[in-house]
Structure formats: C-alpha cells, structure tokens
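To start, the structure itself, in structure tokens.
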Amino acid sequence: MGFPVTITTTTDIDLRRHRVQTSLGEIAVSEVAGDGPVLVMLHGGGPGASGVSNYHQNLAALAPHFRILLPDQPGFGDSYRPTEADLDERSITAITVDALFEALDALGVDTFHLLGNSLGGAAAIAMAQTQRERITGLVLMAPGGGWLPFGPTPTEGQKEMFKYFNGGGPSEKKMAAFIRTMVFDHKQFGADVVRARYEASLDESHIEFYHRYNAAFAKRHGMDPLWKDLHKIKAPTLLLWGRDDRTITLEGAQMMLKQIPNVQMHVFGRCGHWVQLERAAEFERHVTDFLGNLR
C-alpha cells in the first residue's frame, strides 16, 4: 500500500501496524483483520492513551465481527505531534478529522462504522457531521463536544487530566489519582495498570504536545461546540454512558438525545468514564448487536 506495515500480537490478536503519511503528518493505525465491515475505534485523550491501549481488552470479542482499525490520533501514540502553530490555527478536533479521513483514504476505506470515546468521541461526531455518507453506524461513549454540562466546568476528571503533566510532572501517584476519577471502582485496576499507563505517558514528545494541547484548550474555552450541529448526523447512533462519569457527565447527554435524528442510549450504573474497561462484556455485546443489526 506504499507505507510500512508491521505485525505484532496482543491479547492473542494479531495486529498489523500501518504508518500512513498524510498532508498533516504521519498517522499510526493498528488493524485487526476481519471479514466483517470496517469499524474505526477512536481513543480518548488521557495521558498515555492510544488506539490499542484504549481497546486491547475488547479486540478478541469484536474481531470476529469487524475489520477493526485503531488509529492513534494526532498527538498520541505513534502519530505525529501537532505544533503550537497548528493548534493556534485550528482545534485538535478539526486537525484530527482531516488527518483521519486522509489516513482512511490511504488505506482504501470508503464507508465504515465509527466508535469514539471522550476526545475521540468529539472527533467521531465531527467526522459524522462532515462526511456523512461515509459513516454507516456511530457509537459514542461520553463524547466531548456534543455535550452540554449542567454543573461546573472543568469537571473533576478534566481537572485531573490537566493536572497530570503540570507541577512536578507525571508520577505513578498522579496516574492513580487520574484513574480513580475515570472509573467507578478503582480497586479493579491495580498497581500494574497504573504503572503501565504511567510508563506510556512518559514519551517526551507527548508531554510537550500535552502542554501545547492544554494551552490551546484553555484559549478556545474548551472543546468545539459540536452540539450546535448534532442534527447533521445521518448515521444511526448508539450512546453509551456511565451513570457515574465524573469527566463527561451523564446529565449533558440530553442535548444529544434531543438533536441526533436516529439515536438510542444505554446507561451503565456503577460505571464511570471508561465503559469499555469497566463493563467490557456488556460494551462488546451492545456494540456488536447494534452495528450488526445495521447490515
């Protein structure tokens, strides 16, 4: 295909790793080959996040049903880091949308199902609003941008995210505090999970990007107001939300339920921001059933 491909294994799943050159920079995309429709899965924006790290525990269950593509969004994982000038000119969501569509074009992907969590949920909304015919099914997990909070912002989870790289910089203690705000029951995520996520956050170029990203976020007063154009989403949409989410709170979902034309929602009690981790089996079943019924 004209770009490097490597093959690795995680959770007994073979991953093909593509490095795709776009006009904005290089985008890393991991692929789980399958005979089903393409499912693009977009990760959240926390420290150490990447496509595989967000969803590796779900791949074995989803792989029999889909050809899965896991991009690292600009600034994360092995993808390129937007500069300060890039982030002054356009939001991270606008940058991500253009880079991902170019990467999918290079991979020969025309139409596809799309799933996004948090920051990746904002990108998924924007993609579904701009090239509407290409998105055949949409799953949004507590997405940014489409949500109007009732309470104060930044939320508790957003504060922990902003705090992580500031002050004395990253530490396992700060990562543990971050994870506690992301989930309902942090006891199910032990020291090994904290350490792995902490180690993944230590890439110097990612830390530098995160400072630029946080500064740009503050300048723009938060995410793009994607809620203004929710009515433009054409794809059948499933919302998945943790009732106890302290980052993108459930109360803000009402705008999405009102404005997205073809939408349904499932709320998980005793669950925070990481539905795909905290309620993995139910998450996988809902995604497979919803998207499977669209074929």
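Every number in this text was worked out from the coordinates using simple rules, so none of it is lab data. Everything quoted here is computed from the prediction, not taken from an experiment. No Cβ is skipped: glycine too gets one built from the backbone with ideal geometry, and neighbour counts run over all protein chains shown.
Let me have the relative contact order for region 77-192, percent, based on Cα pairs under 8 Å that are six or more residues apart.
18 percent
Across region 137-245, C-alpha contacts under 8 Å between residues 6 or more apart give a mean separation that, scaled by the residue count, equals a relative contact order of 54 percent. Projecting the Cα atoms of Phe165, Ser205, Trp147 onto the dipole axis of region 5-292, where Lys and Arg carry +1 and Asp and Glu carry -1 at the beta carbon, places Trp147 farthest toward the positive end.
Shape of region 5-292 from the C-alpha gyration tensor: rounded (a/c under 1.5, with a ≥ b ≥ c the square roots of its eigenvalues). Estimated purely from DSSP H runs of n ≥ 4, each contributing -39500 (n - 2.57), the mean residue ellipticity at 222 nm for the chain is -10500 deg cm²/dmol once divided by its residues. Magnitude of the charge dipole for region 5-292, about its Cα centre and with charges confined to Cβ atoms of Lys, Arg (+1) and Asp, Glu (-1), is about 740 debye. Note on the chain: with a GNM built from Cα contacts shorter than 10 Å, the maximum mean-square fluctuation among Lys187, Lys174, Lys159 falls on Lys187.
All other residues whose Cβ lies under 15 angstrom from that of Pro154 are scored, Lys and Arg at +1 and Asp and Glu at -1, for a net of +2. The slack between Arg195 and Ala33, meaning 0.36 nm per residue of separation minus the straight C-alpha distance, is 55.3 nm.
Checking the Cα-Cα distances for Lys159/Lys219; Lys174/Lys219; Lys163/Lys232; Lys187/Lys228; Lys163/Lys219; Lys163/Lys187 against a 27 Å cut-off, the pairs over it are Lys163/Lys232; Lys187/Lys228.
Placing a label point 7 Å from the Cα of Leu202 along the Cα-to-Cβ direction, the residues of region 160-190 whose backbone N falls under 13 Å from that point are 170-173. In region 5-292, Cα pairs under 8 Å separated by at least six residues give a relative contact order of 19 percent.
Sort out for me the Cα centre separation of region 64-133 from region 164-217, rounded to whole Å. One Cα centre to the other: 22 Å. Projecting the Cα atoms of Leu238, Gln131, Met265 onto the dipole axis of the chain, where Lys and Arg carry +1 and Asp and Glu carry -1 at the beta carbon, places Met265 farthest toward the positive end.
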